[in-house]
1. Where in region A:1-91 are there chymotrypsin sites (Phe, Trp or Tyr not before Pro) that are in a DSSP coil and have at most 11 other Cβ atoms within 10 angstrom of their Cβ?
2. State the dimensionless ratio Rg/Rh of region A:150-272 (Rg: radius of gyration of Cα atoms; Rh: Kirkwood radius).
3. Can you tell me which lysines have their Cα less than 28 Å from the Cα of B:K402? Leave out same-chain residues fewer than eight positions away.
4. List every DSSP H helix in chain C whose Cα atoms extend 20 Å or more along the helix's own long axis and whose mean Kyte-Doolittle hydropathy is at least -1.0.
5. At a 10 Å Cβ-Cβ cut-off, how would you order B:D245, C:D196, fewest neighbours first?
6. Within region B:333-432, which GluC sites (Glu not before Pro) sit in a loop by DSSP and count at most 10 neighbouring Cβ atoms inside 10 Å?
7. Give me the extension gain from C:A162 to C:V291: residue separation times 0.36 nm, minus the current Cα-Cα distance, reported in nm with one decimal.
8. What are the chymotrypsin sites (Phe, Trp or Tyr not before Pro) within region C:18-77 that DSSP puts in a loop, where the Cβ has at most 13 other Cβ atoms within 10 Å?
Amino acid sequence: MTNNDRLTRLSAHAVMVALSALALFPVYWMVQTSFRPPNEIFSTSFWPSAPTLDNYRDVMAAMPILAILWNTFVMATATTLAQVATGLLAAWALVRWRFPGGRLAHSLIALSWLVPFQVVMIPNYVLATKLGLLDSLAGLVIPNAAAAFAVLVLYNAMRGFPREVVEAARMDGAGSLRTLLEVVIPNLRAPLASIAILCFISAWNDYFWPLLLIRKIENSVVQIGLQFFMTQEGNDWGLLMAAATLASLPILGIYLALQRQVVESFMKSGIR
Amino acid sequence: MIRRKFLAIAVSACMALSGTLGTASAQMAESVTEPVTISFYNYNLATAGIGREATLELIAAFEKANPMIKVEPIGAPSNEVLSRVQADMVAGQDVDVAQLVFRDLIYAAEQLGAQPLEDIAGEDLTAHAAGFVPSGLALGQVDGKTYGLAYVFSTPVMFINRDLFHEAGLDPDQPPRTWEEVKAAGKAIAEKAGKHGFFPGAYGPTDGTFVYQSIVMSNGGKVREGNILAFAEKDQADAVAMLRDLMDAGAHARIDVGAHLDTFQSGNLGMFLYTSAVLNRLESAAEGNFELGLAPMPAFGEKPTAPTNSGSAIFMFSQDPVKQRAAWELMKFLTSDEAYTIITTKIGYLPLRLGTLDDPRYLKAWIETNPKYRANLEQLERLTPNVAFGGPNYRQVENMMKDAMTEAVFGTGDPHEVLRAAQERAQPLMPN
Amino acid sequence: MTDTVLAVPHAVPRRALPFRLRAAEPWLYLVPALAVLVIWTYVPLLKAFELSFYQWNMLPRSQPRYVGFDNYANLLTLPDMRRAVVNTVLYTLGLLPLSVGVPLAVALLTASLKGPMRNVYRALIFVPMIVAPIVAAIVWRWLLNEDHGLVNAWLRGLGFDAVGFLRDPQVALWTLVWITGWKLIGFSTLLFAAADSAISPSYVEAARMDGARPWQILRDIRLPLLSPTILLLTMMTILFGAQWSFVYINALTGGGPLGSTTNVYYLMWEYGFMTMSAGWSTAAGVLVFLVFGFIALACLALMKRLAVYDE
């Protein structure tokens, strides 16, 4: 029996080690390539024979990468906050009340997830231009201030919330907003954290909308920065990998710092 | 309901604009006397490195020489720049000068409303074009009028991995001049060196139709005649069938078409037909790995080759007379002897003005230290304009043609029939 | 058996709360989200629907021309359409093992893992999720290249023939499926592990007391209780699989070699969105929206029937 247990444990470790290696190797390859000189780019050795920081120096020289990373951070944070806030409010309305039009609103929100971005791109660009949002971080955030994903996940999370507690708050005379803020939200930390991290990742990785809206490199975000090293005349691999590493570092850092909470929040909330 | 209102607005907007159109393009101002700002949509600015630096240097030099004119540069990647220009026109932004690739030439002229330079600049254009290569102006012409001024462009050349030639027992100093010789050399490299023989960067996904068109036109064909598609006709299809023959013989590499540059840079490809604009990049990749050689594009027997242009032209969209003047001055500057000295030495594109090569103030010293560019410069004498497609569905038509020629070479069907079928499907999408 | 187990825990009261509050109140909460979605998604979508019956490039200088259903007809009769539809199904079927099957198996198999290593693993397998898609695409292209790629170097080292992962029309689609799935495996595994660990130990204990074997517990308790997560991820894969793989098709193959990797979404992109014609692109968008919207409704209806909730 114990032998059997050990075998299960061992095979479980083996599976996870394999999966982790698979997950990490491409990332490792990106990082080590960023240290290669141009003529060693296509070598299949595991580590450059003459590692160099030239690629990073060149990336820094080619664009204000720190400002770009900061822009991206601000944009992704603002988008995340907006999506979580609008999501909380909308989900609360759908969970708290049954009302005429509620189902319609719910479906409208859900179906908006399926609208291909390319369809709304040009009309939105025209609107953003008219509103003076061209070349601004606000223009990146505002059209993305609500996300079907956030609403739906929070809706499911709130639905699982014990009725009795909400009822008790109501009995105590708490209004719906106070109940949301003081009773529901504090108990939704886990799903909120997991939604926030997913919103942040998707905002950080957004590409098409900033590509259209941003005109000056100093106002740009990091995915556009990556495009700087990809051309019809071929990719500048060393620079591209250095830029990609820089683009991934902050989000990787945030993830590692919050890793325990993030994983725990996923474990607790089990998005559904 | 929405429809009626929306269209009513759209249509009235059209009317309003077309009403002003006639007067706006009447006469370019004599000179710029008040400060004016013009927008310049440019794709070199959207990539890091020498292309961007040289472009900024050009703009700075222009502004210094023309203190009244300020240029607002707007960068967008080359495959996005047209959408950006179009989106900005739809959004009512002023587009003054734009660098667009040659495939969009007719669309820019007919749909986007690029200004015909003969009407705008008249004799000034003739004078300015005096030093251009023989077909220089023709590169940007639609129905006899110049809409685009050829700007940064190059032609296909054959890059050679000299080490692989040695390994295959070939003489890299005698690179293949004809397709027959390419076939023999390609087979030798595949068999004796165990690497890929030949590959043309003609299949996309990166925009490669200029290489394809160069091959087709070198065989005396053209991908369309007027509004009638012709890429499945005799000589045109024979050229593609020739590539298929190279493939069947094992001389043509069967590789990931999106990674051809990587395959060559990693030393796995003997001959690579692609734009000369990648020379700098290939040189730095080859350094210490293999010896890089350069040859003109191969010919069909004794027929002269017809290299076509990759790259871009600059277009003027300004409506305002003063801005037109400012835009025209910028366009002239960007295609001047001084500009090509920067463009050619820094970025590696070809000079539109061959006179610069004999002038010690410009490119004489450069060509003497960089003789390998001569193979490419000789081709400029035979430069044949890239054929763009017209009509609202031009991109769809071009897609169909490109997909068909790729299938004709890589697939199993008869190349002539594959092309014929595609041509019949695409013809209804052409304008009448 | 499952029914009796499930009947016990507190079910969500489906009945509405007695509401004497002002009818407008819920709408106040909905307004921020709805306003954003209406302004930035639905109004443009209606405009797009309108435009899809015209031939127009949206430029103020040109006239829209009414063409009826021509744009739709042109798209639906594209020569690659049939293959794109078949491929879309293949992508979805290929993704399901990576987004549902393997993660489920891994989560169940590793549920017994304890201690610090468990957290380390869970942290590591999430990493692909945060890599930008474009970066994932170019790194994989590199690793998988036939001539200079590491994977083929290993294959050759082991005595196998090189594989043209992105070159061979027989293989390329599955390569893209793999790259798409690579980003999802870890994430899905986390979701399954989460759902699995949320199963009340008392059920499992009770079953064990009754003498149920591990596989019986798996079949009769854990899997049914995981069914909401299984169905959710399956539905997400069906609805968004084509979109997820789009990034990689666009960056890596452009639908090739020989059209073998194109799917509905990419075809719409190539012949719709990438062309300068508003009619084609809006028709493509409306088609995609309608088809996937219909599938979504079908999936939701199915989910309501199949899912087993424990709440």
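Bear in mind these aren't lab numbers, they're just calculated from the coordinates by the rules spelled out. Computed from a predicted structure; not experimentally measured. Positions of Cβ are backbone-derived with ideal geometry, glycine not excepted, and every protein chain shown enters the neighbour counts.
1. Qualifying residues, ordered by number: A:F46.
2. Ratio value, two decimals: 1.17.
3. B:K145, B:K183, B:K187, B:K195, B:K222, B:K234, B:K303
4. C:81-96, C:116-130, C:172-197, C:223-248, C:278-306
5. B:D245, C:D196
6. Answer in residue order: no site qualifies.
7. Additional length available on full extension: 42.5 nm.
8. Here the sparse-neighbourhood loop sites are C:F19, C:F69.
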